[in-house]
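Visitor: Dumping the structure here so I can ask a few things about it.
The values are calculated or read from the model by the stated rules, or taken from the named source; none is laboratory data. Because the structure is a prediction, the values reported are computed rather than measured. Neighbour counts run over all protein chains shown; Cβ positions are idealised from the backbone, glycine included. We work out accessible area using only protein heavy atoms, side chains counted, and drop any ligands, DNA or RNA first. Shrake-Rupley method; radii C 1.70, N 1.55, O 1.52, S 1.80 Å.
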Amino acid sequence: MAKYNESKCRLCRREGGKLFLKGDRCYTKKCAFETRPYAPGQHGRARKKNSDYAVQLREKQKVRRMYGVLERQFRNYFFKADMAKGATGANLLIMLERRLDSVIYNLGFATSRQQARQLVRHGIFTLNGRKVNIPSLLVKPGDEISVPEKNRKIPSLMEAQSVIARRGTPAWLEADGAAFKGTIKALPQREDIQTPINENLIVELYSK
C-alpha cells in the first residue's frame, strides 16, 4: 500500500489549511502552518493564479489527505455517494466520517486519524463486542465501540483522552471516556462536519 513518509506539515501547507495530521501539535503554536502559512518549496511564497481545475484538485487532495484515503478508495467513495440519494458532496463527506478510524478519532481515542487507523489495525478496539481490525469499516446508528480492559493502559489512548477536550465530540456520537467506550447515536449530517470543505468543487472535478 502507498505510504507518505515525508513531513505531514508540508501537506497542510500545500493545501493551505490545517488538516490536523499531527494530533495535539496542530492546536499549539508549534504547528508549522501557524509559523509558515504558505506552500512549501522555494516558490511557496509566490502569488499564483490557479485555474478552476487546480482549485478543484486542491480541494479533493485536501479532503483525501485529511481522511488518509488513497486515490482509488476516494474515487470509489465518490461513485457510491453519487449513486445514493441526496447531494453527492454531502454523501461523500458523511461516508468518510462514518469510517471506523475517523469515528475513533472523533470519540477521542486517538490524537489523529492516522493513529486511529494504526490502533484499529492492531485490534485494540471492539465493535459491538467483537474484535475489529478494518479501519475503513462504516459504522451505523446503535453501534458501540469500546476498548477491552487489557488494552486500556496503552499510552496513546491515555494521551488522546486529555486532548479530546480541545476538539469536543460531534453531536452524533456519545463518548464515555471513563468506560473507554463510545456509541453512534445517529448518522452524521453535513452540518456536523465543521472543517471548512467545499465539497461542490470535488463533485465538479469528478463530473468532468
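Visitor: Of the cross-linked pairs 80/150; 49/140; 80/185; 62/140; 185/208, which ones have a Cα-Cα span greater than 32 Å in the structure shown?
Guide: Violating the 32 Å limit, Cα to Cα: 80/150; 49/140; 185/208.
Visitor: Share of region 63-128's accessible area from carbon and sulfur, percent, 1.4 Å?
Guide: For region 63-128, the apolar C and S fraction of the accessible surface comes to 48 percent.
Visitor: Pick out, in residue order, every one of the trypsin sites (Lys or Arg not before Pro) in region 55-89 that is DSSP loop and has at most 14 other C-beta atoms within 10 Å; say none if there are none.
Guide: Numbers: sites: 58, 60, 62, 64, 65, 72, 75, 80, 85; in loops: 85.
Qualifying residues, ordered by number: 85.
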